[in-house]
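> Take a look at the following structure, please.
What follows is calculated from the coordinates using simple rules that are stated; it is not laboratory data. Bear in mind that the values here come from a model prediction, so they are computed numbers and not experimental data. Backbone-built Cβ (ideal geometry, glycine too); neighbour counts: all protein chains shown.
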Amino acid sequence: METLPFGVWAALAGLLAGTVLGLAARLGDFCTLGALESAAYGDDQRRLRLWGVVLAVAILGVFLGDAYGLIAVGDTIYHQIAWNPVASILGGALFGYGMAMAGNCGFGALVRFGGGDLRSLVVVVVMGVFAFVTLSGPLAPLRQALFAQTEATGPQGITADLGALTGLAPLAIAAILAAGCLIWALSYAPLRRARKQLAWGVAAGLAVVWSFAATTWLAEASFGEIAVEGLSFTAPIGRSLIWLMTSTAGGISFSVGTVAGVMLGALAGSLARGLFRWEACEDPRELGRQVSGAAMMGIGGVVALGCSVGQGVSAFATLAWSGPVTLAAIAAGALFGLRRLIGGFQPQ
C-alpha cells in the first residue's frame, strides 16, 4: 500500500473480479441477452435460471459482508442517490432495446471482443462514448432536467422498506430473498445437471461480493479517495477509454481494471475452449444496427445508473429497488427488440 497509489490497488481488485466474470461468461455461458434468447426462442432456460444462482450468491455474500463490517452497502451509489423509478424503467428499457439491436450488452461485447470479434470493439467504443455524452457531455443538461439525481435523505432499498414493515434485520431479509432466487434457479432440472455452469454462476456471484468488499476496504484505507462500487459496464467503459487516451497510472481506477479483466478472462476462456477466432462485420446494415444499439445502451445505461450487470447484478445484490426494476425493464426492452429483429425489422 505504501508503494502503489490506491487507484492501482483498486484497478488490481477490479482486474481480478473482471477476469472471473469474463471466464464465467466464456466457460459458464453467463450472458444477459443469450439468457433471454435461449429462454424465449430456444426452449432452454439454463442460462436464464443461472441468474438465480448468481444473484443468490451475490445477495447473501454482500449482506454477510455488510453485517460483519466488510462491505458498506449504504455507501454505494445505489443507496446514496435517491431512486428515480422513471429513470430505471425508461433507461432500462432503452438499454435493453439497444442491447437487442447491438447483439450484446456492454459486458457481452467486451467478452466477444476478448474472443476475437472485432465488431464488438465498435460496440464497446460507441457505447463508452455515448455514455459520457450523456453523463457529462452535450446530453448531460437534458438528462439532468429530465432525470435529476438527488442525494438520498435516508436509508432506502428493499431491506429498509421490508425491515420497517416486518422488523427483520437486513441479513434476514437478504437470506430469504437469496433462498428464493436459488430455489427458482435449481427448480429447473437441466441446470441442476449442469454442474460446471453452476460453479461458474457461484464464481460470478462471488466476483460481485469481492468487488464491494475490496472497494469498501480501499475506501476506508484511502479516506474516501476510492469509492465503494460493484461491477458495471456502461460509464466504466467510457472511463477506460478516457484513461487509455489521457492518463497515466495516477488516473487508473477500479473501472479500468474490471474492463481489462473481462477481456482477459474472455480471452483465456476462449482459448481454453478453442473458440478464439477473428471476426469482422461483412454487412453494413448489421454494423449500422449495432452502432445504433450501442448508442442507445450508452444513453440508457447512464439514465438508469447502470447496465444489465451494474443494475441487474450489482445493484440487485445490494437490494436497491433500482436493481430488480431496471433488470425487468432491460428484459422487456430486449425481448421487444428481439421480436422486431426476428419479425424482419431493419432500421433504416
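> What number, rounded to the nearest 500 deg cm²/dmol, is the helix-based mean residue ellipticity at 222 nm of the chain, given -39500 (n - 2.57) per DSSP H run of at least four residues and division by all its residues?
Only helices count here, giving -23000 deg cm²/dmol.
> Which length gain, in nm to one decimal place, applies between residue 166 and residue 225 when the Cα-Cα distance is subtracted from 0.36 nm times their residue separation?
17.6 nm
> For residue 281 and residue 41 in one chain, what is 0.36 nm times their gap in residues minus the Cα-Cα distance, to one decimal in nm?
84.0 nm
> Just rank 99, 296, 245, fewest to most, by other beta-carbon atoms within 10 angstrom.
245, 296, 99
> Mind listing the long-range amide H neighbours of residue 117? Cut-off is under 5 Å, sequence gap 5 or more, other chains count too, H placed in the peptide plane at 1.01 Å from N.
It is 279, by chain and number.
> A further question on this structure: Report the charge-dipole magnitude of the chain in Debye, nearest 20, computed about the Cα centre from +1 at each Lys and Arg Cβ and -1 at each Asp and Glu Cβ.
For the chain, the charge dipole is close to 980 debye.
> Next question. Can you list which of the DSSP-assigned H helices in the chain have a Cα extent of 20 Å or more along the long axis and an average Kyte-Doolittle score of at least 0.0?
6-28, 46-67, 85-102, 118-135, 170-186, 195-221, 254-273, 284-303, 322-342
> Could you sort 82-88, 128-134 so that the peptide with the highest average Cβ count within 10 Å comes first and the rest follow in order?
Highest mean packing first, the order is 128-134, 82-88.
> Starting from segment 162-259, pick out the GluC sites (Glu not before Pro) whose DSSP state is loop and whose Cβ has at most 14 other Cβ atoms within 10 Å.
225
> Using the 10 angstrom Cβ neighbour count as an exposure proxy, how do 63, 233 rank, fewest first?
The most exposed by this proxy come first: 63, 233.
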